[in-house]
Amino acid sequence: MMAVRKEVDERLLIEAAQADPGRFAELYELHFERVYAFIVRRVRFRQEAEDLTAEVFRHALQNLRRFEWRGVPFSAWLLRIAANAMADRWQQIRREEADPPPEAPDEAAAKAIERRALLYQLVDALPADQRQVVIARFVQDKSIRAIAQELGRSEGAVKQLQFRALQSLRERVHPTRKPSAAGRRDHA
């Protein structure tokens, strides 16, 4: 229910910004960290990441009127713009340098970006304690023991939070699929 609410809120923000570009700042604030994190992991220098992030939002603002809501998160559109901006930058660098840059993302990579953006959005919709455990466990790669110590909870409680979070994510990604016995075991 919360994910649907976020989707409706995001859609309203997009429509407001399309009608009044001055409202784009709300979309910028909502998505800046995700876009910057996506870019900074793929470029060499912080300044370059900042420049590319600015370029992504400039391009998004210029093309916002052409954006059509299709049920895909707005962040997926922004990440696609970011991937294209990085590809353009790499082509420019390749022309200037002898070393070729990494390949530009293909269609499969673009779909992976969209899936990742959706997953980020679903994780953001989790209750705070579950979200904290998922991020610590799978983004920061911390052990159950370390998370339990940080949160001041038992390892069993952390495992239960992780299990509930993963179960919730599975249900949101595959709403008609019932959890399998194997799916129940992967919370340990």
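Filter the GluC sites (Glu not before Pro) in the stretch 58-160 down to the DSSP loop ones having no more than 13 other Cβ atoms within 10 Å, then list what survives.
E68, E97, E103
Considering the dipole of the chain built from charges on the beta carbon (Lys and Arg +1, Asp and Glu -1) around the Cα centre, which of Q121, Y28, F45 is farthest to its positive end?
Q121
Using the number of other C-beta atoms within 10 angstrom as an exposure proxy, rank D141, D9 with the fewest first.
By the 10 Å Cβ count, ascending: D141, D9.
Could you work out how far helix 74-96 tilts from the main Cα principal axis of the chain, as a 0 to 90 degree angle to the nearest 10?
50 degrees
Given springs between every Cα pair under 10 Å in a Gaussian network model of the chain, which of A82, A49, A128 has the largest fluctuation?
Evaluated over the chain, the most mobile residue of the options is A128.
Every number in this text was worked out from the coordinates using simple rules, so none of it is lab data. It should be emphasised that the depicted structure is a prediction, and the values quoted were computed from it without experimental measurement. In this analysis, Cβ positions are derived from the backbone assuming ideal geometry, glycine residues included, and neighbour counts consider all displayed protein chains.
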